[in-house]
Amino acid sequence: MSDQERDDAPLAPSAALTSLESAQTSMEDVAVYQDPAAVAMLTATADSVTGTVDSSAGTIRRENVRLLLRSPTFLIGAAILLWWIVCAVFGKAIAPYNPVTGSLTAFNEAPSGAHWFGTDSLGRDVLSRVIVGARDILVVAPLATLLGTALGTTIGLLQGYFRGRVDSFSGRIVDAVLALPIVIVAFLFVVPLGSSDPILIIIIGLVFGLLISRTVRTAVLQEQDLDYVAAARLRDESNAHIMFVEILPNVTGPILVEFTVRLGYAIFTVATLSFLGFGIQPPTPDWGADISNSYQYLAAGYWWETLFPALAIASLVVAINLIADSIEAVVIQ
Amino acid sequence: MAQYILKRLGLALLTLVLLSLIIFFAGSVLPSNPGRLILGPFASQQAVVALNHHLGVDRPLITQYWSWVTGVVHGNLGTSSQYNLPVSSLLLPALGRSLKLALVAFVIVVPVSILGGVLAALYRGRFVDRSISITGLSLTSVPEFVSGVVLIVIFAIGLKWFPVSATPPPGTSPLGQLHYLILPAIPLVFVLFGYIARMARAGTLEALDSDYVRTAVLKGLPNRVVIWRHVLRNSLLPTITVIATQTGYLIGGLVVVETLFNYPGLGRLIVTAANNKDFKMLEAGVLVIGIVYLVATLIADILYTVLNPRIRYEQAE
């Protein structure tokens, strides 16, 4: 939350930074043997330097994928995520009952053979609602994270590449937004705008864009001084070309890590907003909203209406964090 | 060093001004017609216009922002539209109750997570390390209301060790009040544990790999002395910064926990304000959260400077 949310930024990027630094050191070793005046030679070696960078820690490679497939934490996380994706896509077909219309006789029934997870206060089957409830959150959270990553990458590239005033001004705004937990920022904007899936995606995407731009900026600053960038400048490439064709491929590692980590936060945020009544709106089955509607019956002993959606959220966020953690470990090392 | 602190203070003030603009934008610019939002679609246009005039939202935006900011500086946070009372008269007692809950969480989480992080570092790569890291990562990522629900089901309903609500009946002794606050504090502890433990682990690992620790080990100091005197002192420095930044987020997490446990603190006040479109209250509540965060990071910065001799000497030169 964190969002922390709290913000985890000091941890992941610093790790990414270390790896980039080590990549840079090896680069400097190469640069020592070059005559800075010889433009042609510089360009030629810069190309070979680009090759070195490509094989370094910053990028995604096939052997990394192989490493991931051997990591048990990744496989467990991926299996759980896959299950919820299946639920999101085929939910209505898998669910044993209609998740929206309830039975007129079976209110607040404890788990039984007919209703594995029991029924809620409106007589709806909790298992069916948990299965179908995977859908909206698995649409909103990934789209918001994608938007945030695209935006954050662009802002970060601009900040890191142009530095100067653009950089320090936008940095201050990011600081101000960071002074609030993500959930609070999203809450602050959802309240006046009203909640709907597109608004949730845009607001969370914008906030994440600011957060992700920080990491991308740091990574770009590291690349900025490398010879391949200087070579591209000497070749008279346009700024856009240098940013998106030269630098971007070399910072995909940290961006991928940011995407997976933020995806966990997006789910955290959407679920929390739904719980507070400002996220995914009823009657759409949603875990956070279902908990919000049923937790007042906890004291009466109807625990199943709240516990099962809670376990669903927990399993999904933990799965994504296991995936994020193993991707980070592979990309950084 | 005074110069450094002044610079940090200036930056914090600048951030605060930007933050107030963002909050004002969300709370006063985006809601185009607060009177209509409060009164609903069936109220007469006349009543809406009258309420908007009463709330002062028909004035130019710059006037509104200026009167809000000067009011805040003078301790006047505006009038709550739902209670028709000064916002500060409701906000301050609620903030006090929130800080009480946050303090309980804090007192639990700091020693537990530092211990966890240091243990993980000492058993690097082994089972203890893996399980502490994975547990921390998982707990951190689970929203507070989710772990809160699981805790209520187990410890309040199943085992009946703790009450379901966080609000004690009036006249409860301080120790009795504490009993009501422990269960709501745990979800906050869960979320913070991962961050602080991870930082403590990283700091300890760095210290363990350092030359001075190798020297200490090679000169034959017992392990306990090496860890207490050489490792911990250096490893906990970065942890302090993380603890302080997380304090701000702790206050944010209260929004959820207070709603779940029905505790009348700042967080629940903000949620109630949001439900009733009480924008002045919402703005003030969020601003207070931001201020708490900025003050906490400022204190962390200063503490770090005071405790870290390297920075201290650099400044002196």
#### Entry: Nitroxide proxy distance, nm - points 7 Å out along Cα→Cβ at B:Phe127 and B:Thr215
3.8
### Message
Could you check the spin-label model distance between B:Arg8 and B:Lys100? Points 7 Å from the Cα along Cα→Cβ, value in nm.
### Response
3.1
### Message
What whole-number distance in Å separates the alpha-carbon centres of the range B:103-179 and the range A:254-333?
### Response
19
### Task
For the range B:129-205, state which chymotrypsin sites (Phe, Trp or Tyr not before Pro) are in a DSSP loop and have at most 16 other beta carbons lying within 10 Å of their beta carbon.
B:Trp161
### Task
Please identify every one of the trypsin sites (Lys or Arg not before Pro) in the range A:231-333 that sits in a loop by DSSP and has no more than 14 other beta carbons within 10 Å of its own beta carbon.
A:Arg235
### Query
Once Lys and Arg get +1 and Asp and Glu get -1 on their Cβ, which of B:Ala94, B:Ser138, B:Ser81 lies farthest toward the positive end of the dipole of chain B?
B:Ser138
### Query
For the residue pair B:Asn223 and B:Ser67, what label-to-label distance in nm results when each label sits 7 Å from Cα along the Cα-to-beta-carbon direction?
6.9
### Message
So if a site counts as exposed when it's one of the trypsin sites (Lys or Arg not before Pro), its DSSP state isn't H, G, I, E or B, and it has at most 15 other Cβ atoms within 10 Å, what's the longest stretch of chain B without one?
### Response
B:1-123
## Note on the structure
Nearest-0.05 FRET efficiency for B:Leu92 and A:Leu122 at R0 = 41 Å, using Cβ-Cβ distance, is 0.55
### Query
Between A:Ala300 and A:Ile173, what length in nm is gained on full extension when 0.36 nm per residue of separation is reduced by their alpha carbon distance?
41.0 nm
### Task
Take every Cα-Cα pair in chain B and report what % of them are more than 37 Å apart.
32
### Task
Quickly rank B:46-57, B:288-299, A:272-283 as a protection proxy: mean count of other C-beta atoms within 10 Å, highest first.
A:272-283, B:288-299, B:46-57
### Query
Residue-wise, which Karplus ³J(HN,Hα) couplings in Hz belong to the range B:97-102, taking 6.51 cos²θ - 1.76 cosθ + 1.60, θ = phi - 60°, and x for glycine or proline?
5, 5, 5, 4, 5, 4
### Whole-number D in µm² s⁻¹ for the protein assembly as shown, Kirkwood Cα-pair radius fed into Stokes-Einstein, 4 °C, 1.567 mPa s
49
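Just so you know, all these numbers are worked out from the coordinates, no wet-lab data involved. Keep in mind that what you see is a predicted model, and the values were worked out from it rather than measured. All Cβ positions, glycine included, derive from the backbone under ideal geometry; neighbour counts span all protein chains shown.
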